[in-house]
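Each remark here refers to the structure printed beneath this line.
The values are calculated or read from the model by the stated rules, or taken from the named source; none is laboratory data. The model shown is predicted, which means the values in this text are computed figures rather than measured ones. Reconstructed Cβ throughout: ideal geometry from the backbone, glycine too, with neighbour counts over all protein chains shown.
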C-alpha cells in the first residue's frame, strides 16, 4: 500500500505507524496463550461509524461499553477510531487497524441503504468475499413476515455473509452481526443501534470470543462508583495511598456528579487478588459514604433497591430538571414497586395549584429558594402519598441567572416522615445539561444517604 494521499490521512499517529513498520505482524494464532506461555493480551481496535458522531450531534456510547466488556475478558484495546457513514476511507482504516491488532470490531453501517457499506468495506480490506447465507436469508424473511411488511431487494443485502467466517443472528433488528475470519485476522461487524448491539455483544460475541481465544483473565478488575465527589479530589485522595502498588492501573470515567473508578492489577502473581482487595479497602476507608456501588448498579437502581428493601416509596417534584429525575428512576426495571409518580412543576401556577406552594413564598423568596423547594417536596409527598419525596428547583441556564442566583443555582429538598425536610443548595457549573444531571445525582444521593443514615450533603 502506498503512502496515503491528501484525502486518505493515516488514522494512526506517525509514531505508531513507525513502530508498526519496524515489527513483524503477529498472526492471530500466536496471540492466543498456550498453557506454558506467560499471559499476553490479545489487542483489538474499535472503529465506530456514524455521521452523527463525527459532526458532534451525538456522543458515542459504544466505545465505553465495548472496552469495559472486552477488557474484562483479558483483551486489550489498542485504538478507537470514528468514521463517517459511507466513508471511502473505511476499508483503508480497517486494513491499517489489522496491522495494529489481530482483532478489529466495526459498529454500524449494516443496514440496507446505500450508505451502509461496512460489510463491503470489510470484504475489501480482508479479501474475503460476501455470499448470500441461506439461513440468514430465511431468518430475515421470517422477521419481515412477523412485521407484516414486504422485504425489498435492498433488505436482501442484509443476508450477505463472509465466505470465511459467519454471522450473529439479531433478534432485535434486521441486521445480523458478521465475523470475517482468515485464520490470522478477525474482523467483527456489529449493528449500530444500542438496543441491537448490546444484547448481541453480551449474548453472542462474548461467548464467541471466549470460545475462540480461551482468554485467561490477564488482569483482575474492581469497580467503584462514587457520587458527589470531584475527579481531581478523588485522585488527590487515593494517589498518596496507592503509590505502593506500582502495577496498579486506575482508570476513571467522569460524568456530571459521578465518577466510576476501575482498578486493575496483572493476574499473574499469587498475591494479586490480595493486593487488589487492599487497594479497594483503602478507597472504601477514605471515601466510604461517597461510594454508592461496587458494581454496574446505577445510583437510581441503588436508591430504588433500598426503598424496596424498606417497603417505602418516593415521589418527585421537578422544575429545572423537567422530569429528568423521574425518568432516571423509572429507567430501572421494577420501579413501580417504589415510585408513586412525579409532577413537573415548571410554572409558578403549577407549584401553587398542584403542589400547594404558598403564593407568599413565591413572591417573597422566589421560585428558586430553600423555602419553595421544601414546600414543593411536602406538597408532592402529600399529593402522591409517598414515604419520601424529592424536589428540585433552580436555574439551569444558559440565561435567567442573577447576581444573587447565578446560573447553576439549584435548591434540592428531600421530605420524609412527618413532613420533615432536608434542603440542599447546589451550585453546579457547566452547561444546561450538566447542571440538570448533576442536580439529579445530588438529589438521589441525598435520599440514599437518608435511607442508609449516612452524613448528608450540606
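Can you tell which of 383, 451, 426, 444 is modelled with pLDDT of 95 or more, touching a helix residue (DSSP H, G or I) at 6+ places or on another chain (Cβ under 8 Å) and farther than 28 Å from residue 58 by Cα? Every option except 451 fails the conditions. For the condition surrounded by 17 or more Cβ atoms within 10 Å (Cβ to Cβ), more than 24 Å from the chain's Cα centre (by Cα), in the same structural domain as residue 385 (by TED's automatic domain parsing) and without any contact (Cβ under 8 Å) to a residue 60 or more places away in the chain, residue 313 does not qualify. The criterion of being crowded, with 23+ Cβ neighbours inside 10 Å and either assigned to a helix (DSSP H, G or I) or at pLDDT below 95 (or both) holds for residue 375.
Filtering the stretch 222-239 for residues that are within 25 Å of residue 96 (Cβ to Cβ), at pLDDT below 90, in contact with a helix residue (DSSP H, G or I) (Cβ under 6 Å, 6 or more places away or on another chain) and not in a strand (DSSP E or B) leaves an empty set. For the stretch 281-300, the set of residues classified as surrounded by 20 or more Cβ atoms within 10 Å (Cβ to Cβ) and closer than 22 Å to residue 333 by Cα consists of 292, 299, 300, listed by residue number. Checking the condition in contact (Cβ under 8 Å) with a residue 24 or more places away in the chain, out of contact with any strand residue (DSSP E or B) (no Cβ under 8 Å at 6 or more places or on another chain) and surrounded by fewer than 14 Cβ atoms within 10 Å (Cβ to Cβ), which residue from 240, 210, 236 passes? Being in contact (Cβ under 8 Å) with a residue 24 or more places away in the chain, out of contact with any strand residue (DSSP E or B) (no Cβ under 8 Å at 6 or more places or on another chain) and surrounded by fewer than 14 Cβ atoms within 10 Å (Cβ to Cβ) holds for just one of 240, 210, 236, which is 210. Against the test of being more than 23 Å from residue 307 (Cα to Cα), touching a helix residue (DSSP H, G or I) at 6+ places or on another chain (Cβ under 7 Å) and modelled with pLDDT of 95 or more, the options 364, 356 yield a single qualifying residue, 356. Among the residues of the stretch 158-192, just one is out of contact with any strand residue (DSSP E or B) (no Cβ under 9 Å at 6 or more places or on another chain) and not in a loop (DSSP other than H, G, I, E, B), namely 158. Of all residues in the stretch 317-330, one or more are out of contact with any helix residue (DSSP H, G or I) (no Cβ under 6 Å at 6 or more places or on another chain) and farther than 23 Å from residue 421 by Cβ. Scan the stretch 110-143 for residues that are exposed (fewer than 15 other Cβ atoms within 10 Å of the Cβ) and farther than 19 Å from residue 88 by Cα and jot them down. Passing the criteria: 131, 132, 134, 135, 138, 141, 142.
Within this structure, residue 406 passes the test of being under 20 Å from residue 426 (Cβ atoms) and outside any helix (DSSP H, G or I).
Please tell me if residue 173 is crowded, with 16+ Cβ neighbours inside 10 Å, closer than 26 Å to residue 132 by Cα, in the same structural domain as residue 131 (by TED's automatic domain parsing) and under 24 Å from the mean Cα position of the chain (by Cα). It is true that residue 173 is crowded, with 16+ Cβ neighbours inside 10 Å, closer than 26 Å to residue 132 by Cα, in the same structural domain as residue 131 (by TED's automatic domain parsing) and under 24 Å from the mean Cα position of the chain (by Cα). Of the strands (runs of 3 or more DSSP E) contained entirely in the stretch 56-151, those carrying at least 3 residues that are more than 30 Å from residue 219 (Cα to Cα) and either touching a helix residue (DSSP H, G or I) at 6+ places or on another chain (Cβ under 6 Å) or modelled with pLDDT of 90 or more (or both) fall at 130-132.
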